[in-house]
1. Cα-based Rg (one decimal) and Dmax (whole number) for segment 229-344, in Å?
2. Is segment 56-97 rounded, prolate or oblate when judged by the Cα gyration tensor, a ≥ b ≥ c being the square roots of its eigenvalues, rounded requiring a/c under 1.5 and prolate requiring a/b larger than b/c?
3. If one computes the Cα centroid of segment 1-36 and of segment 242-258, what distance in Å separates the two points?
4. Need one number: the % of Cα-Cα pairs in segment 117-234 sitting beyond the 18 Å mark.
5. From Cα pairs below 8 angstrom and at least 6 apart in sequence, can you work out the relative contact order of the chain, rounded to a whole percent?
6. Along each of the three principal axes of the Cα atoms of segment 298-371, give the extent in whole Å, ordering the values from largest to smallest.
7. Beyond 17 Å, what percent of the Cα pairs of segment 105-177 remain?
8. In nm, to one decimal, how far is the residue 86 label point from the residue 271 one, both placed 7 Å along Cα→Cβ?
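Every number in this text was worked out from the coordinates using simple rules, so none of it is lab data. Note that the structure is a prediction, hence the values are computed from the model and not measured. Here the Cβ is made from the backbone with ideal geometry for all residues, glycine too, and neighbour counts use every protein chain on show.
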């Protein structure tokens, strides 16, 4: 039996040096956690700062005459109104209105963009974009730069103290803005974005420059000290952090069989896109307009707070009035809140905040109530 080798990120040596437990994630060898516990890594991000290797995320370059029209057609959010140095979170849909992926589009300048997509969907999105280019005969240069680059996220309330020592400009960025920094021989894209609910940055840089960049960034950081400003955190902590922040995960809250209007991210779906105004409508728009005209989606994503400490798991049935009505998509015992929290889909008529629900945990029903998301908001 032949085993396919996993793709290593440019930070492999860093992971080994910090006793990472490495696992297969979407074909990449990624750190699940390091020499501490998941809870400690989670709390480190909430209280001070954590560094995450997110090099497995796809990084796609889109440039040329028709680059904006291509992205306008592929993405649910308006691209035309983006400014240089701006990032936008958006969806890419299939013709039925299901979600192919959730992505971040970064506008470098007119006709020059970066698209960051999920690792598990990278090949699918590359094929999807290539298909659009061929069908519409768009004049576009499209390149998958994932394995030529690295991506690191620094997240937490003290992160900007560290970043300001490297660049005075970055802490002044607004949320979902980015700057291009020339650091010695390196070009870095530093965006004020993240997937934890905390302030912080995500940095895209050449794979060949990772060693030099990490030494420069971490030169004054002592990760072994009790009150270390920054420590490494893995995929497990990243998942519990994003769940507390009410952020959807592809494969859980988002998917090709899930109507985009069900997922609680309506703000990224511009159903008023038109060929007259924007030059393009988006793939799936007709299907979603039909859903809207028929009164909205049948199911809605909700946040649930449970009694007790037992955790709801993905796939567990959600009970409304004692009867199976929906399904849990994510759940954990929140380290920050000390409560069991979950997300899941229920009938739209049962999605109102304060609705009492149960979770069928196999022989035991966990009692809960639907609550507003996010579960956690970082102090300002």
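1. Spelled out, the Cα radius of gyration and Dmax of segment 229-344 are 17.3, 54 Å.
2. rounded
3. 23 Å
4. Of all Cα-Cα distances in segment 117-234, 59 percent exceed 18 Å.
5. Relative contact order comes out at 18 percent.
6. 32, 25, 18
7. 61 percent
8. So the label points at residue 86 and residue 271 sit 2.3 nm apart.
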